[in-house]
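Comments concern the structure below.
The values are calculated or read from the model by the stated rules, or taken from the named source; none is laboratory data. This is a predicted model, so every value here is computed, not measured. Reconstructed Cβ throughout: ideal geometry from the backbone, glycine too, with neighbour counts over all protein chains shown.
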Amino acid sequence: MKISPNKRISFEDLGGASLIADAEYVGGLQTNLGAEPLSKLLGVGNQGGFRYIRRKDKITLCALISSLSEPDWPDTLDLEKGLFLYYGDNRIAGQGLHETSSHGNEILRDAFNSVHQGDRKSCPAFLIFTKVGERKGRNYLFRGLAVPGGNGLGPHDDLVAIWKADSQGNRFQNYRAIFTILDAAEIDRKWLHDLQGGLMETENAPAVWKKWVDSGKYTPLYCSPIHRHRSKQEQLPQSRLEWDLLATLVSFYKNHSSGEYAFEKCAAELCMLADPKIVRLELTPPRRDGGRDGIGIYRIGTDRANIQVEFAMEAKCYPPASSNGVKLTSRLISRLKHRQFGYFVTTSYVGDQAYQEIVADSHPVVVYSGGDISRILLTAGKDTPEKLTAWLKGID
């Protein structure tokens, strides 16, 4: 196998290639499905989010495919924790949770049930791929070997059936699954051959996968975070739907009788939607807030064994094109007391200098910008302008 310096495996080399974390597997030049690389690389189908190999009524290999860019189904790759959040394949109303044509939700149900019952040997090897490039998704990055569940996640947390509604208000269920990406930098081609032949526990299997099968011990592929400020583009919405939601929110408060101050309550609700460990968050009186629009309590630990940490919140409802500068962020930072942290919630973005100072000086401030707000709303089910408007009226 020839690997280029930037870890790109050509279409011609796919048939003999191993799997390398974060390597790019390149599609062919044809204009039909013959250019699809994963069928040549793994021997799986050439369409869909679930592509698998079944031998004697047992699925041994299942590739999970994601673009990481669908706003209604926001698959998420958490590189710091080594976790992958993936949504199932029931994405239209009118069919049951396990009645999809590609049987993806059945695969999730059976795999997670096996793990919950301690029968990890029956669980397929899940291989995570994300689409990349401009060639209509025909290039893929391999993100790792994954197994159902994770450290600290119970049967009620790792696979959850959630409700959604289509544009006509028809409700249906789909799965939200959490996988751990194991600390295996390379998957040997020999094990892929074993899996294709229906064999899983062989001498070619990665040691970290064998350890999980034998003991249930998760060994995630952790990545240390790179602390840097986010650019304007990174802070703002990334899709048309995210922009529509942000525009709806800004317009609501632009026309509100109380103006900008009314957004403070929304900002508090957004913080609590984003993190259930916030115990309470109370707004301070306007013009007497001491540089803080809200004061809250954050709980670390369990219900019965915990510590509570105080935090402050500052909220700014600005048009997305207007930045928040040093003066505004410093106002919050200067009011933080010892052992406090802060949330800076804005419908726009934080300017370069202000954000650089937050990161460089390690100020304990969480920035929720316009794009973050849109994604918080999407995750919470406020995923259309109509639903969002109804929610905003409800909290007003």
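Tabulated values for the structure
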| item | result |
| --- | --- |
| Tabulated pairs, the stretch 89-114, first within 14 Å of GLY49 (Cβ to Cβ) and in contact (Cβ under 8 Å) with a residue 60 or more places away in the chain, second buried (at least 17 other Cβ atoms within 10 Å of the Cβ) and of a type in the set (D, E, K, R), C-beta under 7 angstrom, 6+ apart or interchain | ASN105/ASP89 |
| Any hit, the stretch 211-223, residues being among the acidic types (Asp, Glu), touching a strand residue (DSSP E or B) at 6+ places or on another chain (Cβ under 7 Å) and not in a strand (DSSP E or B) | no |
| Near pairs, Cβ below 8 angstrom, 6+ apart or cross-chain, from the stretch 332-358 (assigned by TED's automatic domain parsing to the domain that holds GLY371) to any residue that is loosely packed, with under 15 Cβ neighbours inside 10 Å and of a type in the set (A, V, I, L, M) | SER348/ALA321 |
| Residue within the stretch 235-244 that is more than 23 Å from LEU388 (Cα to Cα) and surrounded by fewer than 17 Cβ atoms within 10 Å (Cβ to Cβ) present | no |
| Residue count for the stretch 81-124, restricted to those that are touching a Cys at 6+ places or on another chain (Cβ under 7 Å), surrounded by 17 or more Cβ atoms within 10 Å (Cβ to Cβ) and of a type in the set (Gly, Ala, Ser) | 1 |
